[in-house]
Each structure stands twice: as C-alpha cells, then as structure tokens.
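Step one of this worksheet: look at the structure below.
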Amino acid sequence: MESVRWIRGAVPVATLALIGAAALARPSLLEAADPPWDPPSCPAATGAPAIVVPAWYRLDGVVDETGTLSGHRLTVGALGEPGRAIPLPPESFATGPVEGRVLVGADDGSRSRLELLNVGRGCRTVVADEAAVVRSALVTPDAAAVVEHRVDRTSRADLGIWRVPAAGGPATRIVAGIAPDARYGPTFSTELRWAPDGRLAVTACGESRCRTRLVAVASGRATAFGPTGPVLGVTSDGALIANAGCGGFPCAIVRREPGRDAVVLVERAGLATMAGDRVVFEAGPGRLAVIDALTGSLSRLDEADGLTPVATGSHARAGASRADDAALLVLGSRLDGRSVRVLPADAVTPTRPTELVR
Amino acid sequence: MKRLLAILLAVLVLGTASAPTLAHGPDPILTGGLFAQNKVLQYRWTSSGTPPLDMKLAIHAARDDSNASRKSKSPSFDYDGGASNVVYYGADVPCGTNGLACFRRDTPDWFGLWFRPNGTRFDWGTLRWCELSGAPDGCYDAENIALDEFGHVLVLAHHANFSDASDYRDAVVQTFSRTKPRAAYNAHVFGRCDVAALQQAYDILTYSTLHSTCFDVPTVVTLAVSDSSVSSGSMVTFTATLTSAGDGRLSNNPMSGRTVVLQQRTSTGWTDVLTLAGTSTAGQYRGSLTARATHDYRSLFRGPSNEGAETDGSPAITVFVSSTCTGTCPQSSVSVR
C-alpha cells in the first residue's frame, strides 16, 4: 500500500524542500555571496534598444533577535548568475521580472516608493512616490504602467487599485477599495494578478477566506468571485482557480465561475502555481503533477524530484523571467539564478529557463 | 501513479473541504486522513526559524492546552529536539500571503506549523503577538493561535459560526481570529464544537469522558433482572448497561460514570425508585431492592445538561412477586448492594 505523504520525517534534510521551498532553510542575515547593493538611477532613455536580461529575484524576511520582522532582503540577478542584495524596510514587496526589470515597493513609514530595477543595466527608475501605503503592485503586460493597491496610511482603509504610468504622470483609480465584510474579517492581503484576457484579478483575503474581483482596467467593471482560499490564477475562459480555503496543506484546488458552485479540480494538493491554463502542484513527496484547468487532464511531471512550485502574484516571494505560459519551479530550498526551473506549455518535463525567455 | 490518480478528482462538486455546516454542529474535518489514536506527535523548532523564547512558551502552552482539552483519542503533542515534525517562526510561510500561521499535515506521521513573525505587515496593519509586544489592544494571542493550528493538525477545519458569531466561543478553530480585548481572543481550551469533531473522528478519551454538548449522541440503556419471578421479601438485583449509539467511533461505547436510575411503573406513570451504581464493568450499573409486589421496572438514562447524550429508557420488565403476606403488604424497600 502506498501512503500519501508530503514529507517523510525519516529523511528530513532531503524532504524539507518539499515543505515550501524557501520556508525552512532561510538564513536571516546577508550572505557573502549576496553583497549589499545600492543601484544608481538609470540615465534618461536614449532611444537605443533596451537591454533585456533574463532575471530573477527573491525576497527574504529579516527577523531580529526579539523575533520581530526588521526588514526584507531583496536579492536580484541575471539568470544563471548569483545575485546582489538590497535591504528593504518591513513593509516592502517585489514582483516581476517584466522585460528584465523587477518592480520594487518600499514604504519608509511616511511614503511608499515604487522603483523599476533594471537588472541588466544595473540601475533603477522611480515610478511612483505615494503618501498612501502601496501594499503591492504589478507592471502592466505592455510595461507602460504599473497597477498598485493602496491603503490609507492612518486608518489602513482599502483605497483601491490605481494605475500609474511608468513614464510618469498622474495616477488614476481603476477600482475602489472593497467594502468590509464580516464573513471574511479584516483584510490581510490584497493580491493582484493578470488574467489572460487582460483583466486584473484583485483578491482580498481575510485570515483564511478570499474574495476576488476580476476587473476590466479600462472601465473598472468588475466580476466578483468568492469565497475561496488563496488564488492561483485565472483561466483563458475566465474561471478563477484557487485553493479551497483550508488554512494549510493539503488542500483542494477548485475552479470557480461567477454564479456557480465551485468544483474541485484536485482534492489534495500541496504548493501550487499556475501558468496558462495549467496548474502545477505537489501531489506527494517528490511528486509534481499538472492539471489542465479547462479539461481536467492530469499528468505527472517527469524528473521533478526536488522541485517545488513557486507562487505568483503581486506578493510573490520570488520570480524569474520566463515565457508567460511557463510555470515557475525551484530546485532545492531557495530560488536563485541557478535553481530556477520552468515547465513550458504542454511539456511534462521541467527545464532550465535560459532558452525560453524572450 | 494509481494512487495519484485516485486522489485527484477531475471536476467534482465541492465537498466537505469548504462546505459550510450548521453552527453548533461539530467543526468540519479536513481531508487527508487521521493520525493514529492517542499517538504522541513530537515537534521541534527549525534551525532556520526558531521562535523567540516567549513564542516558544506560548506554543508549548498551546500544546498543553490541546492535550488537556482534546477529550478524545486524538493525538497529543510533545516537544523533542530530535523530532521530525517541525515548527517554524519567520517570514517565509509557505501557505499564501494571508493568515497568521499555517499548517501542513501528512498523516499518519508528519506535520509542520509556520508562524509569521511579530511586525509582519498586513493590509489591516502590523501583526503584534501579545506575548512579544506587551499585550497591547489589537494584539493576537499566540497561545490561542497555536491551539488553533494544533487543532488543524489533528483534523479540524474552521468552525461555521452563526451570522452574528454568538457561538464564537464554541470553537477555537475559527475562520478568523479575534484580537485583544474581544471575547475569546485568548481562549486556551478547545471549544465544545472542536471537541465534538475530535470525538467523532478519534473517539472519546475514556468511557467516562463526557460527550461534547455540541452534538447529541443517541444512547441505548438496557435492563436485566436477577430473577423475574420471586416470592415477596426476596432481594432482586437489577443490572443496566449504557452505551452510545452514535455514528462511527461513537457507536457502541460503554458509558461509565453516568447516572442511571431504576424506575417502577405506578398508576400515574414511572417513578424513580433507585439510582443504580456503577460496577467495575464499563457502562454497567447495578442495584438491588426487596420485592414485595409485582411491578414493571425499567432503567432510565436522562441526558444531562453537561453532556451531549440523549435520554433513553430500557424496555420494561416485570418482576412477578408471589404473595406470602396477608392483609396489606408493606411497600417495597430498597437497598443497594
């Protein structure tokens, strides 16, 4: 009889990677391999072709001796190469890369600043400097703007989603903040994701339940989904793919369409990530599987030993350049320039990403 | 692969994983199976995410809370530096971007817990663990949250509350936690609906453990008599048994330490004549009386207010007494052996 076990205690070193990639092997101090870095401002555009270097990033929390989060350490680099580390305050995030640039948000307690970090050129460009707290943001698919989620600095009220041109200019609100709802409790996180049709998925999660609005950026028109657990993505036919709201793992992965009951795609899954219409998930110790969220077609991944799915979204703890329909995986316990793996569309064997990025 | 396919269902209507249940019912239970009854699940701190001292103490206290209030054969928890199960404290929590803590359960052997650090920023503000921050209003009680997580590890899913949350105290394992000073923010024992689900899943701890008042377990009481045809003045011994008649593990359990009475039928109904005493046999109660006249008897278990067990009465049995007295016979006298 085969038992379903996510982690086998008898070989903890080998299996810790299965528990959640970066979770268990994370030193809190800067390492010699990641020297502190203070990138200069990027020079004004010259009209020359932009340098696009496939890149990666990882955001690590730094906990002080009292057990308090004292900041984050953002490590960025080119694929295949080691990274350089930038210290960030406790209220900070990073997303991307998009066209070789990592979007970095940092709040110093009085202002929130968004910068695009060009990994290839080794410089940064300020995108926004806001009085409100910018909780997270994404670069638009055309890289012309960023969309950001703001909360009020004093009351922490949800101020909605805003669009800020990358080249500068006034911000415009796409959609208002979501109204409080006692069924969900206080909002812990609001996660942004792009849907294949260009709409923006805005997922507000309470302590365990989430509600999502799928927003047309131009009109602000929204379609509501919920409740679910944390969201994995949106399919090409407009369905929401999410965990069931278990508060832990294993947990079901469900598909929700507006006005319909959720249906279970996977009854028990560990960590998962989504690319295109495919969901890659932990199906057991050392086992990854992929399910097509449109057809329910299921396959087991080959050569997946030691690989872990990497979550996406505006609060993602790590990211790497890859094709839009390629799922992001990590070999070992932490993502860096050499541990990145991707699962290309239609493939069942993960590979290194170098030959796949644009 | 066969097992893999078996656990992956392509498009089924969402089942127990997120379906709400009636409030005041036992908590829903998680998929993924159970640990062995009364298994001791040991845990250790991870080297990369060792909690600060006050957090360790809170988690240990929650361990003790779980062990003391489980009232079931669910596993207990203990700390062991060489354990394979892990508890992590730090910023890299793998279960999404929301929540204070999360779990991973890998029955029948493994579990892990992750706690976010003090100072974590959420949309609503900054996380303060009461135990690490001087307990200001708005802090979260780490012992309460850890007890919630231990409950998840055991099998409990989030309790379904009434819309006004008036039943919040019925469970520690909640969809969202309360902060100081809201009622029950620092609950340190499993609520009755947590316990009910644990009892359903793992069975009651002992035969004298009371069933949770979050549910009503049917019972069956029987009655036997030492001799159903005696002469007047004879001592007759009545033996009753009391068992549970719930579903699954709550079926056919002897119920000890309860109150079972012997009743006698009168012209106006049934009257208590004797409280039967528990014997050394689980779920068995016994008492004797001196029979003076023919009567019907039955045993009765009244579902008490402090237990979720239903009332049941045995079928009546008749003790026939042949008269040896003349004139008016004396009333039956009662004695208990």
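Using only Cα atoms, what is the ratio of the radius of gyration of the range B:95-224 to 2.2 N^0.38 Å?
So the Cα radius of gyration is 1.23 times the expected 2.2 N^0.38 Å.
Using a simple spin-label model with pseudo-atoms 7 Å out from Cα toward Cβ, B:Tyr207 and A:Ser70 lie 6.0 nm apart. Annotation: amide H-H contacts under 5 Å for A:Leu79 (H modelled 1.01 Å from N, sequence separation of 5 or more, or interchain): A:Ala55, A:Trp56.
Computed from the Cβ-Cβ distance with R0 of 25 Å, the FRET efficiency linking B:Asn38 to B:Asp247 stands at 0.75. Scattering from the range A:95-162 was approximated by placing one identical point on each alpha carbon and applying the Debye formula without solvent; log10 I(q)/I(0) at 0.13, 0.16, 0.17, 0.19 1/Å stands at -0.35, -0.51, -0.57, -0.70.
The count of lysine pairs in chain B whose Cα atoms are under 25 Å apart, excluding pairs fewer than 8 places apart on the same chain, comes to 5. Distance from the alpha carbon centroid of the range A:267-333 to that of the range A:112-149 works out to 27 angstrom.
By the beta-carbon count within 10 Å of each Cβ, the least crowded to most crowded order of B:Met255, B:Met55, B:Met235, fewest first, is B:Met235, B:Met55, B:Met255. Taken as Cα centroids, the range B:25-83 and the range A:44-91 sit 36 Å apart, rounded to the nearest whole angstrom. Using the Cβ-Cβ distance between B:Thr259 and A:Ser41 with R0 = 56 Å, the FRET efficiency computed as 1/(1 + (r/R0)^6) comes to roughly 0.10.
Quick note on chain A: its Rg to Rh ratio, both from C-alpha atoms and Rh being the Kirkwood radius, is 0.94. Ranked by how many other Cβ atoms sit within 10 Å of their own Cβ, fewest first, the residues A:Ser41, B:Ser256, B:Ser280 fall in the order B:Ser280, A:Ser41, B:Ser256.
Each semi-axis of the equivalent ellipsoid for the range A:30-149 is √(5λ) with λ an eigenvalue of the Cα gyration tensor; in descending order they amount to 23, 19, 12 Å. Scanning chain A for cysteines with no neighbouring cysteine C-beta under 4.7 angstrom from their C-beta gives an empty result. Comparing A:Ala242, A:Leu59, A:Gly96 along the charge dipole axis of chain A, the residue lying farthest to the positive side is A:Ala242, per the Cβ-charge model.
Applying 1/(1 + (r/R0)^6) with R0 = 56 Å to the Cβ-Cβ distance of B:Thr279 and A:Asp197 gives a FRET efficiency near 0.15.
Over all distinct alpha-carbon pairs, what is the Kirkwood Rh of the protein assembly as shown in angstrom?
Roughly 27.6 Å, rounded to one decimal.
Evaluated with a Cβ-only charge set (Lys, Arg +1; Asp, Glu -1), the protein assembly as shown carries a dipole of roughly 360 debye about its Cα centre, given to the nearest 20.
Let's see if you can work this out: charge +1 on each Lys and Arg Cβ, -1 on each Asp and Glu Cβ, no other charges. What is the dipole magnitude of the range B:113-231 about its Cα centre, in debye to the nearest 20?
Details: 8 positive and 14 negative charges, 88 e Å.
Dipole magnitude for the range B:113-231 comes out near 420 debye.
Between B:Asp272 and A:Asp142, the distance separating the two model label sites (each 7 Å from Cα on the Cα→Cβ line) works out to 8.3 nm. Ranking of A:Val290, A:Val254 by neighbouring Cβ atoms within 10 Å, starting from the fewest: A:Val290, A:Val254.
No value in this document is a laboratory result; all are computed from the given coordinates. Quantities reported herein were computed from a predicted structural model and do not represent experimental measurements. Please note: Cβ atoms are built from the backbone with ideal geometry, for glycine as well, and neighbour counts cover all protein chains shown.
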